[in-house]
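Before any comments, here is the structure.
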Amino acid sequence: IQPSVQKAVMEGRPVVALESTIITHGMTYPQNLSMAREVEAIVTSNGAVPATVGILRGRIHVGLTDEELEFLASSKNVVKVSRRDLPFVLSQGLSGGTTVSGTVIAAHKAGIPVFVTGGIGGVHRGGENTLDVSADLTELGRTPVAVVSAGVKSILDIGRTLEYLETQGVCVAAFGESREFPAFFSRQSSFQAPYHVRNEEEAAELIASTLGLGLSSGVLIAVPCPQERAASGEVIEEAIQQALSEARSKGITGKELTPFMLQKLNELTDGKSLDSNLALIQNNARVGSCIAVALSKLQKARRKGNLPRREDTTPPQPVVIGGINVDFIAKAQNRVILVGGQTNAGRVRRTFGGVGRNLADCLSRLGQTPLFLSAMGKDEHSESILHYCHHMNMSAVLQLEGKSTATYCAVITSAGELSVGLGDMDIHHQITEQYVSQFKENLCQAPLVCIDGNVPLSTIQYVCQLAREHQLAVCYEPTDENKASKPFLSDSWKALTYISPNLQELRAINRTLGNPLPAGIKHSE
């Protein structure tokens, strides 16, 4: 991820993802390069950060330098990369332009909720027989990104495409005063969108609602081409029929069909279709940027609780999610611990720990009393814990009948080296996603969320997903070598802001990510 894009995402500023297939396969050089530069400039001038997505030598790039844009625009043997192509293209170290599907995947993984394109793919004409359906539609059904486009390309079967989007659970809304679903080059398609949003604020509300529900599906905002640059529907349809006939006679199918059709349409309409194409891309960039700006403002207002008179209210608290332990520390008097069943002389003391509890304790002593989410039993230890933690906000901690409070016993040598550790920590499994989700409002407004490695994997993933959707700062304390890698088993770790591993935990994380251990620290402790 380009540093300027990453910084903007982390700060909750508006970012707009842009595809690159239009650069690599949609137009010829150098027109494709000037178009890409112009679209990025439009995004910037409207207050957002452009993030063009592309594949360069086997790596996904979110945000391209001007040199990288020129490389993609001028390269001859680049691949058109959709979901199915990503594994092969990356494994072979190839370069390519990402389709709507490929770009949606990258945008979501980078934490970018708004993506602008010309038009999405759809059900091809005759698709009821060929089953030629674009992966863009299934991607929208399983990835929560808002796509701003001029509807679907008019070379496709628009009616069946809308039906397919409905089946996939994709919310489709026309942008502007009319519900008329645009047909890419032209403003009319004779089909109605299910809904319409009148302006960028309404579009932002729709996107925020989708993200807030936690749905895995996306949103399609269909923006009509500007009136003065739109092509005649009849002229375009006549050219489409002629181009389709030629494609059939030449046996052109699959992912080669769309680039062929667009090129043929440009020839048959004496450049009118290309002129409309450029106009709608520029217009979509402007509208999409304004939507991204409105969404960013909306999310920031909601994170702050939308409270203009903050001085009269309690400021949002940090939230800490993690374990509470009662620790028994046994320190031997002698350097050598006898292990044949004998009693070793030493001192035994009880302390109150747990990584989450320690973090909440420290924050409380610093005057930043957090909401603490944890679990303990209703047993002989729980009253002692509550008494010891009287200065902390323990109101949300679960106290469970029939469960044992987590305990840990450490036997250490006189030199302070750990000899053996035993833990009864099963109760940490009760810090579930269902329990934590009851405090979603607190989490979404928190200036900081801390979570430790004792928490179940599904809960960590839930918190990271919230963090990504609401641009939250999350600190992860790995706890120990066996638990350190939990967020790194998926893309959850990309939502983390801070992490505090020791060397062993860092090694474990490195192994999980498949990275080689850097030279020089292999035997360091």
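Yes or no: region 32-44 includes at least one residue that is in a loop (DSSP other than H, G, I, E, B) and over 22 Å from D136 (Cβ atoms). Taking every residue of region 32-44 in turn, none turns out to be in a loop (DSSP other than H, G, I, E, B) and over 22 Å from D136 (Cβ atoms).
Taken over region 43-55, residues that are open to solvent by 10 Å² or more (accessible area, probe 1.4 Å) and under 24 Å from the mean Cα position of the chain (by Cα) amount to 5.
Region 425-522 holds helices (runs of 4 or more DSSP H) entirely within its bounds, and those carrying 2 or more residues that are of a type in the set (A, V, I, L, M) and crowded, with 16+ Cβ neighbours inside 10 Å map to 457-470, 503-512.
Residue-wise test of (1) touching a strand residue (DSSP E or B) at 6+ places or on another chain (Cβ under 8 Å); (2) free of Cβ contacts under 8 Å to residues at least 40 places away in the same chain; (3) open to solvent by 40 Å² or more (accessible area, probe 1.4 Å); (4) not assigned by the TED database to the domain that holds V133.
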position	(1), (2), (3), (4)
I236	yes, no, no, no
A243	no, no, no, no
Q263	no, yes, yes, no
N266	no, yes, no, no
G271	no, yes, no, no
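Checked against the criteria, T413 does not count as under 38 Å from the mean Cα position of the chain (by Cα) and crowded, with 16+ Cβ neighbours inside 10 Å. For F181, the criteria (1) touching a His at 6+ places or on another chain (Cβ under 7 Å); (2) crowded, with 17+ Cβ neighbours inside 10 Å hold in every case but one, which is (1). The listed residues are F88, F115, and the only one of them that is within 14 Å of the chain's Cα centre (by Cα) and in the same structural domain as A173 (by the TED database) turns out to be F115. Hey, can you tell me all the residues within region 390-410 that are open to solvent by 40 Å² or more (accessible area, probe 1.4 Å) and in contact (Cβ under 8 Å) with a residue 60 or more places away in the chain? Result: Y408, C409.
Inclusion of F328 among residues that are among the aromatic types (F, W, Y), closer than 26 Å to P447 by Cβ and in the same structural domain as G453 (by the TED database) is not warranted.
I'd like to check something: does region 159-166 contain any residue that is in the same structural domain as C225 (by the TED database) and outside any helix (DSSP H, G or I)? No, because not a single residue in region 159-166 is in the same structural domain as C225 (by the TED database) and outside any helix (DSSP H, G or I).
So for region 22-35 (the condition being among the hydrophobic types (A, V, I, L, M, F, W, C), open to solvent by 10 Å² or more (accessible area, probe 1.4 Å) and closer than 21 Å to G122 by Cβ), does at least one residue qualify? So far as region 22-35 goes, yes, one or more of its residues are among the hydrophobic types (A, V, I, L, M, F, W, C), open to solvent by 10 Å² or more (accessible area, probe 1.4 Å) and closer than 21 Å to G122 by Cβ. The criterion of being open to solvent by 20 Å² or more (accessible area, probe 1.4 Å), out of contact with any Leu (no Cβ under 7 Å at 6 or more places or on another chain) and either over 29 Å from R468 (Cα atoms) or among the hydroxyl-bearing types (S, T, Y) (or both) does not hold for L156.
The values are calculated or read from the model by the stated rules, or taken from the named source; none is laboratory data. Keep in mind that this is a model prediction, so the values were computed, not measured. Note that we place each Cβ from the backbone using ideal geometry, even for glycine, and neighbour counts take in every protein chain shown. Just the protein is used for accessible areas: all its heavy atoms, side chains included, with ligands, DNA and RNA removed. Shrake-Rupley method; radii C 1.70, N 1.55, O 1.52, S 1.80 Å.
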